[in-house]
Every structure is written in structure tokens, then in C-alpha cells.
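Structure provided below as C-alpha cells; questions to follow.
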Amino acid sequence: MSNRYHLHILVALLLLSGAGLTYYQHVFLGVPFTPDAQEEIWTIEANLSYDARNRPAKLSMYIPEFKENFQSLHERFVADGYGMKIEQEDENRKVIWSIRTPQGRESLYYTVSLARRTDPQQAKRPGPTYTQKNRFSTAIEELAAESLTQEIRSKTADIHTFVTLAIRTLSDNSNNNAQLLLDKAVSETGRASVLVRLLSHAHIPAQIIHAVPLKEGVNVAPRIWIRCYNGEQWLYFDINNGDEGLPDDMLPWWQGDDAVFTANGVRNPELSFSISKDVVNAVRLARIRARGKPSAFSEFSLSSLPVQTQIVYQTLLTVPLGVLVILFLRSFIGLVTFGTFTPVLIALAFRETQLVWGIFLFTLVTSIGLLVRFYLEQLRLLLVPRMAVILTVVVCCMGVISILGHKLGMDRGLSVALFPMVILTMAIERMSIIWEERGAAEAITTGLGSLVAASITYAIINITILQHLVFAFPGITLVCIALMLMIGRYSGYRLSELMRFKALAK
Amino acid sequence: MFNRINQLRRQGVLSINARNANYVLRYNDRRMYPLVDDKLKTKHLAIEHGVSVPGLITHVDSDSAAKRIAEILSPYSDFVIKPAQGAGGDGIIVIQASHNGRYIKTSGLAITERELQHHCSNILAGLFSLGGHRDVILVEERIRPSTVFEKIAYQGVPDVRVIVFCGFPVMAMLRLPTRQSQGKANLHQGAIGAGVDVVSGVTQQGVWFNDITLTHPDTGNPLSGLQLPFWDDILELSARCYEMTGLGYLGVDIVIDDSRGPLMLELNARPGLNIQIANGVGLLQRLRRIEKDFLPVGKPPAQLDLAQRLAFIRANFGLAH
């Protein structure tokens, strides 16, 4: 009895680890369940150029931090001859380039490839509190701000509505208080800066966020958003209409009211963003992602093998699946076949020949082999030499079919070369013995059984999605083992037995 | 479909999967398989245990000896040639007479000395053995079937198949060769199986392939109502094969020789299931009964001697019950 628990525990362990592994790969490494799932990779190129003034130049530029919805896959800084350093400044990351003797028009590049995170997470930074530095400078502005705050507060319920209404009020040309505050600030940045101060006045911590929209194009301009901290998380607001929420194609680049770059000792500095999009196979993307996450698992993946070997394993890993199908056909249906796993090997050959051609070629080769076998019977050869002759005839036969097929322009005929000839030879020998000992009917039944089993196995291992699943998720193979173990203890009737024992059904 | 499953369950019909998983794998120690798979070993073991078997003329295990087979067999006019590890009666040739270098089979057809040699080399090369291993040729004395079978046997030698479970002969049938089976007593090849009341030894209805038949297809005579001779000896002989091999789930094939009586022909570690159709009774109910009474879970099995086992069978498994 403990034996039985043993099996149950083993099956449960295999199922759990198989499912767990698959879940981990899908959710944390982003391996997709469908082979053709596509994901977008964005490549942003920031090009900072300037005219040199024959004196040392120092340029700094904010670069994104990738804390929330996006993940950087690859970052590159192209600046030949420059000293370079990356600094963390408050909540911004910045790159500083410096050079002693720049010449002519110089160009510096920052290129980053990024993709969406599979497990988006809220940044776990401590939220800021409102600071004294964001104050209005004159008493009259303070007064106007106080009056505006009162007005807005009376019409709103919480931070969400307060900020939205504040943005709309500032855009309202007929509001005197708003116009007074905006006085010198007509640009978007100016307006945002006023808004931050207004919100600070209302004791709401707020920041300006510059985000780059992920749209293909050159000279893409960053856009301004306001974000407020509600004590738990950042809330984003569109500075133009007060709508809440950052669209998911916006990449936050830097925060604060400073410009994106500063340049000392240069003339005509310019910065342009150009953005391109790549659609890549999600499996490949998962692989790139996994590279960034050093884990024993991604190291120990079939994807780390050379491509040629990977292709071999893509085929090999369908074998357990095929074997599972055969187990099912034998244990539950009761199909009789030549040899246990012969149909799996034939099914693998069918993958190359396609089903109809496969069946035709298999029947052709087997029939010719059988004819030769019957002829050889008269010569009374010993078993092993006879099998050797049949094997050779099978090989020749395959060669002739390939040549004929090629000459007739049917290149499918070439794929006959992939048939497992040793297996075919054994099948021919077994079939001819059954033919002699038990009659043609049983031999043909068994032959057909093998062909049916091979066709069903082929149909299943040829499902693209299953091929993808067994290759991409080793956990699935563990689940296969669990299923095989369970079938190993199945003691119920086979479908064929329901017919066989019909005389006993009362 | 589920209805049929329920019906078969109610009848206690043993399925292939259940036989393999719950009986063959559980009660048959794999190390003992060579004892039954190799007929030469079975024979030596049987002689050692005093179980009567058909006489062994000789065995041949070399190609040079196979070439001289005619010379070796020249003193004998009738004999049986069989592969030691053959299955399903394949590769067995029964010669009833030899005449001028030709050997006459029981079917009446003659084969030449060369054909006999070729057959022997095929046996040695493993053509008939499971897995194609090199094999040994057995030459046995020919059985002369008891005359009681004349009406219902077509050529060949009928035999009695007894399923022995842990020493209890739980079910039996008489296997009768037909024209279809070409003289072989194997049900898969078209032989008839007639159910036998394990208590009285009287034949019942028969099974041909998977269907019930009441008459022999070649002779047309009814199958039922025939009292098998030496029935008690047959039961005892089969039951003793359990002690001999240690295999808990065993098919014992017994032939009844006209002069020597019941002889153990061969053993089978995974006997077929159509015996259930021949008897119209499921094996599972009988196996379960014995497991319940004598093989309690987690306790050592009850030790019973031969007489006690046979008494239990007679008291419980008669068709009258």
C-alpha cells in the first residue's frame, strides 16, 4: 500500500514542479504560451549635438531610470574621445560627458532598447513630502494661490479631483487668480511649474515629469505630465486637460523643471529623440530578458544551446509527447502495433514527408520489403543475413524512390530518406512472420494499426503550439512523466476489451 | 459505453491492464520469468519437483548440431521440435513419421531434411524467441492425445489451460485446435477454448475468437458435457506448479497423454483472458475471493497445503454455485 502512496506523491511532485516551473517561466520570464506571440521593442536614440568653441566642453543629459512599466534591454553610449560618467541626482539619472578639445560639430548618442515589463511594479521609493522651495515669491501671488486653493478645495473631494480641477482652472483664461499666477509663464513648462507650486501650497507633493511618447519618428518631443503623491503611489495627470493616468506608451524620462540637458562651453546645442519600433518574437524577447536576470534556470535552458542543437531538441522533445499518445492508444484504446515505439519513429519521419506522402511511401517501402522477404524465404537464409539483405533492399528502395520522385518533379519523394530504415526492416520481418504464422489478415491489421497509431501521433506532435510548449517549458515534460506514471497504474478496461468481452456483458 | 463498463465490472471481468498491474506485476517475481520463458529450464525444474512432463529426447544449441539434426533424430520416427523460448506455439513442428528423408507433419504434409535444417537454424537464430535472442531447440517425445478428444479435436493436441493463483487452480479451459489454428492450441490463432468446471472437470460452452460457440467448427460436435479424464490429477499437477516456480499468477498448460496421463506442457507468466468468455465467469471475482480470504493486506499470506487449497476450490468455485 505504501507503494501506492509513493506513486501518488511522486505524481503530485512532478505535477506541482512542472506547473510551478511553467508558471514561473510564463509570469516572471515572460515566455509566451503561443509560439508566434509578438512583443514590441522600442529603440530610442537621443542625439545631442553642438558646435565646438575650441575650449573644454561639459554636457550632461538626463536619462531614464526604468523603474515602473518599462525595462531596458540594452543601453549604449556613443561618444568617442569623451570622458563619461553616470550620476544619480535626486530622482534622476544623468550622464555627464566631457572633453578637452572638441572640434567642429560634435554628436553624442545615447541609445536604449526597451520593452514592457511582464510584471509591472510600482516604484518602491519613499514618497516625497511637499517642500518649502516650491513657494510663490510675492505676497500677492501667495494670496492668489490661497484663494484659488480655497475655491478648488470647496469643489473637490480628494487629491484626484483636486489636481484635475487645478489644471483646468489654470487653463481657464477668465479666472483672474489663475491669470495672475501664470503672468510670466505661458509655456507648458511654465504652466507646469506654477501648477506644482500651487499644489505645494495645498500641501500636495507634486513633480513635473517629462515623458517621451513611444511613437515611431524623428524629432519626437518629450511631453510634460504632473505627478502627485497621494501617500501611497504616484498619480499622473495630463498638464493640458487634467486627465488622470499616464498612457502606457509614455516613457518617463526625467523629473523636475530643469531642461533635459545642460551644456557648458558650447554653441548651438541641440537634442533630438528618434524612436523606432521592432516587433520581435516573444520567445526571443524572453531570452533577452532572462539574460538580464542571472538565474540558474535561464542558464540551464535549451535556449542557451547553439541554434543547430536547439533544432534537434525541438524535435527530440516531441518524442515524449508521441510516446504519451502511444501509451494512451495502447492502454485506453487497445490498438495493436508493431513494436511499442515504432509508430513514434514513423510519425517523426512523417513530419518531413507530410502525412499523405508519408503513408504512401511507408506502404510502398514496406510492400516492396515484404515481397523481397517472401522471395528470400525460398532461399532458406539464416535470420541475420536475411535481415541484412532486407535492410539493404530497403535502403536501395528509398534511393530509387528519391531519384524517381526528383525526376518527376515531386520533391516530396526525397524526404523518404528520413524513414527509420532499421525500424522498417524489423517491421517487415515481424510482419512477414505474422503473415506466415497467423495469416495475411492479422499481419495487415497489425500493419494498419501501426500506421493509424503513427498518423495520430503525427497529428499530435505536429501541432505547432505543442511543439513550442514542450520546447519552451521543460515543466511540460515533467507533467508528461506524471501522466505516464498515472497511465502506468491504470487497471481499467480498454476500449477494445469492451468489444472483446461483449459475451460476458450481462 | 459506460453501461458496458459497469456490466463487465459486475461480472468481475479481469482486464489486460488490471491483470498486468494488479496480478502479474504484484505476484510474479521477474527473476522467476526465465523459469517459464525457457522451456528447457521449465522441464528440468519440473523433473526436479516430480511434476510429470513430456519426455525430452534431446536439445540442440549449436549450428553444427542443427546441421546433423537428421542424423541425431534418426533413431526416432515421431517427435516434436520446438524453440525453448518460443511463444504462442510459434515454431513448433510435430512430426508423426519419417520416411526416406522426408518428415510427415501431423497435418499430413511432408517436409524435406533441408527444410527441417533450415527451420532448426531459424530457431537457433532466435526467429521465434521474444526479443530475437539466440535460442535452443528442444526435441520432445510426441504426445498421443487421449481418445476422449477424438470427437472435438481437429488435428493437433488439445490441452487444458489452468489459471493458478497463488496455488489455487481458479479457472480452467480445454483448448482445441481447429483447421483455422493449423493444429495449434492457441486461442489467438483460432483454436477453440471450452470452459471447464474447475470442480468436476466437465466441459461447458466454448469461445472461438471472442464469440461464444456451442459446437466445434470443424467436427460440428457439441463442446459441452465431456468429462475430462484424470481431472483431480490435473488440478493437483497445476497447483503444484506454484510451489515449483513461486509465480503467483500462472497459466499452466497440461496435455493428457493416452498412456502417461496428465503431463505439464508449459507455463505462462501472463496467460490470456479469453478463458473468462469460455467459462462465462469473470476471473476477478475469484481472484478477489482468494485475496480476501488468504492474502490479507499487510499480513503474511495464510500457509495452506495442497489439499486445503483444492478443498477450497471445490467448495467455492464450482459452476453449480
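The values are calculated or read from the model by the stated rules, or taken from the named source; none is laboratory data. Predicted model only: the values in this text are computed from it and were never measured. Every residue, glycine as well, gets a Cβ built from its backbone with ideal geometry; the counts of neighbours run over all protein chains shown. Note: accessible area is taken over every heavy atom of the protein model, side chains too, but ligands, DNA and RNA are not part of it. Shrake-Rupley method; radii C 1.70, N 1.55, O 1.52, S 1.80 Å.
About the Cα centre of the protein assembly as shown, how large is the charge dipole given +1 on each Lys and Arg Cβ and -1 on each Asp and Glu Cβ? Please answer in debye to the nearest 20.
1060
Give me the three principal axis extents of segment A:139-261 from the C-alpha atoms, as integers in angstrom, largest value leading.
On the principal axes, segment A:139-261 reaches 44, 33, 23 Å in Cα extent.
Taking Cα atoms of segment A:1-99, Rg/Rh with Kirkwood Rh, to two decimals?
1.33
About the Cα centre of segment A:310-473, what is the dipole size in debye to 20, counting +1 per Lys and Arg Cβ and -1 per Asp and Glu Cβ, all else neutral?
Here segment A:310-473 has a charge dipole of around 80 debye.
Kindly identify residues of segment A:425-460 having a loss of at least 30 Å² in accessible area between the isolated chain and the assembly of all protein chains, probe radius 1.4 Å.
By number: A:I433, A:E437, A:R438.
While we're on this one: State the percentage of accessible surface on segment A:363-506 attributable to carbon and sulfur atoms; use a 1.4 Å probe and exclude ligands, DNA and RNA.
Reported share for carbon and sulfur atoms: 75 percent.
So, one more: Just to be sure I understand the interface: list residues from segment B:96-132 that lose 10 Å² or more of accessible area between the chain on its own and the complete protein assembly, 1.4 Å probe.
B:R114, B:E115, B:H118, B:S121, B:N122, B:A125, B:L127, B:F128
Give me Rg over Rh for segment A:310-473, both radii from the alpha carbons and Rh done the Kirkwood way, two decimal places.
0.99
Roughly to the nearest percent, how much of the accessible area of segment B:56-140 is carbon and sulfur, given a 1.4 Å probe?
Carbon-and-sulfur percentage of accessible area, whole number: 48.
While we're on this one: Would you work out the relative contact order for segment A:180-254, in percent, from Cα pairs under 8 angstrom that are 6 or more residues apart?
Here the relative contact order equals 26 percent.
Also, I was wondering about something else. Once all Cα-Cα distances of segment B:56-140 are split into 10 Å bins that start at 0, what whole-number percent is in each one?
Here the calculated profile for segment B:56-140 is 20, 56, 24, 1.
Now, a different point. What percent do you get for the relative contact order of chain B when only Cα pairs under 8 Å and 6+ apart count?
Reported as a whole number, the value is 20 percent.
For B:H133, what accessible surface area do you get with a 1.4 Å probe? Give it in Å², rounded to 10.
B:H133 has an accessible surface of roughly 110 Å² with all protein chains in place.
Under a 1.4 Å probe, what is the accessible area of segment B:179-313 per residue, stated in Å²?
Result: 40 Å² of accessible area for each residue.
What does the convex hull of the Cα atoms come to per residue for segment A:243-283, in Å³?
Considering the Cα atoms of segment A:243-283, their hull volume per residue is 171 Å³.
How much net charge surrounds A:I140 when only the other residues with a Cβ under 12 Å from the Cβ of A:I140 are counted, with Lys and Arg +1 and Asp and Glu -1?
Overall, the nearby charge balance is -4.
If you don't mind, there's one more thing I want to ask. Averaged per residue, what accessible surface does segment A:139-261 expose to a 1.4 Å probe, in Å²?
Here the per-residue accessible area is 45 Å².
What per residue convex hull volume, in Å³, do the alpha-carbon atoms of the protein assembly as shown yield?
So the per-residue hull volume is 263 Å³.
Over all directions, average the projected area of the Cα convex hull of chain B and note it in nm².
Quarter of the Cα hull surface area: 16.9 nm².
Further question: Rounded to the nearest percent, how much of the accessible area of segment A:139-261 (1.4 Å probe, protein heavy atoms only) is carbon and sulfur?
It is 50 percent, rounded to a whole number.
While we're on this one: To the nearest 20 debye, what charge dipole does segment B:166-276 have about its Cα centre, counting +1 at the Cβ of each Lys and Arg and -1 at the Cβ of each Asp and Glu?
That gives a dipole near 300 debye.
Label A:L143 and A:H203 with points 7 Å out from Cα along Cα→Cβ: what is the distance between them in nm?
Computed distance between label sites A:L143 and A:H203 equals 2.4 nm.
Let me ask you something else. For segment A:310-473, what does the relative contact order come out to in percent, with C-alpha contacts under 8 Å and a separation of six or more?
39
Something else: Quick check: net charge around A:I423, other residues with Cβ under 14 Å of its Cβ, Lys/Arg +1 and Asp/Glu -1?
Result for the neighbourhood of A:I423: 0.
Related question: Amide H to amide H, which residues 5 or more places from B:Y249 or on other chains are under 5 Å from it, using H placed in the peptide plane?
For B:Y249, whose amide H was placed from the backbone, the distant partners under 5 Å are B:N28, B:C166.
Turning to a different aspect of this structure: When only alpha-carbon atoms count, how far does segment B:4-114 stretch along each of its three principal axes, as whole angstroms with the largest first?
61, 34, 27
Would you mind working out the accessible area per residue for segment B:56-140, using a 1.4 Å probe, and quoting it in Å²?
That works out to 44 Å² for each residue.
Note the buried accessible area between A and B here, summed over both chains, with a 1.4 Å probe, in Å² to the nearest 100.
Summing both sides, the interface buries roughly 3300 Å².
Work through the residues other than B:L138 whose Cβ is under 9 Å from its Cβ and net out their charges, Lys, Arg +1 and Asp, Glu -1.
Its environment carries a net charge of +2.
When all protein chains stay in place, what accessible area (Å², nearest 10, 1.4 Å probe) is found for A:C396?
Accessible surface of A:C396 is approximately 80 Å².
Starting at the first residue of segment A:250-255, write each ³J(HN,Hα) from the Karplus equation 6.51 cos²θ - 1.76 cosθ + 1.60 with θ = phi - 60°, in whole Hz, x for Gly and Pro.
Residue by residue, segment A:250-255 yields 10, 9, x, 9, 8, 10 Hz.
Can you list the residues of segment B:10-35 whose accessible area drops by at least 30 Å² going from the chain on its own to the full set of protein chains, with a 1.4 Å probe?
With the partner chains in place, segment B:10-35 has these residues losing at least 30 Å²: B:Q11, B:V13, B:S15, B:I16, B:N17, B:A21.
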